[in-house]
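Visitor: After the structure tokens below, expect a handful of questions from me.
Taken together, the values in this text are just the output of simple stated rules run on the coordinates, not laboratory data. If you're wondering where the values come from, they're calculated on a predicted model, not measured in any experiment. Neighbour counts run over all protein chains shown; Cβ positions are idealised from the backbone, glycine included.
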Amino acid sequence: MHILRLLSLLGALAAVAAAPAALATQPTTAKTSTQTNVQPALDALQQLLSAYANGNQTQIESLVDPAMIGYSRVVDPVRDAALAQRQLRVSLSDTRTQISEDVVIIQTHWEKRFISSPGRQAGRKSGICTFVMRPEAAVWRLSALNGDNPFGAE
């Protein structure tokens, strides 16, 4: 079961990497019936980012699939960021979505602003990331992460 799930996630990520033009053609503001199905996944991603900004480790762990490959790539840097960064704000822009049978793929530009704890210097990081969200027991969880990691303290 886990192998089939992994293959499904890898196939979804490969589709995103192989078809950036398909992502570009999907509007982000127009409402369609498929986009209304995407909203719970987008809300869960926003909850995950809010929990990160607030330093709520328990909520973050509840929104990340424990079977996710790279689980520690999300959870461990959150602990480090909580020590090194204050007043976190993460914003998303140019967000595009794709839907497969059992996952929602969200590709977005992100920007993180913060105050570094040791030097009290303003910091800014940005990147492009692909989040794969999967429903599990009526809760959407992060199942895969590809690209620049918005959760890191580095």
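Visitor: Hey, can you rank 138-146, 123-131 by average C-beta count inside 10 Å, highest first?
Guide: Details: 138-146: 18.6, 123-131: 16.1.
Averaged packing, sorted descending, gives the order 138-146, 123-131.
Visitor: Under a crude label model (7 Å from the Cα following the beta-carbon direction), how far is R120 from N149 in nanometres?
Guide: Simple spin-label model gives 3.0 nm for this pair.
Visitor: While we're here: Points 7 angstrom from Cα along the Cβ direction at R89 and E111: gap in nanometres?
Guide: Rounded to a tenth, the inter-label distance reads 1.0 nm.
Visitor: Place a +1 charge on the Cβ of each Lys and Arg in region 33-154 and a -1 charge on the Cβ of each Asp and Glu, then give the dipole magnitude about the Cα centre in debye, rounded to the nearest 20.
Guide: Details: 12 positive and 12 negative charges, 120 e Å.
Dipole about the Cα centre, nearest 20: 580 debye.
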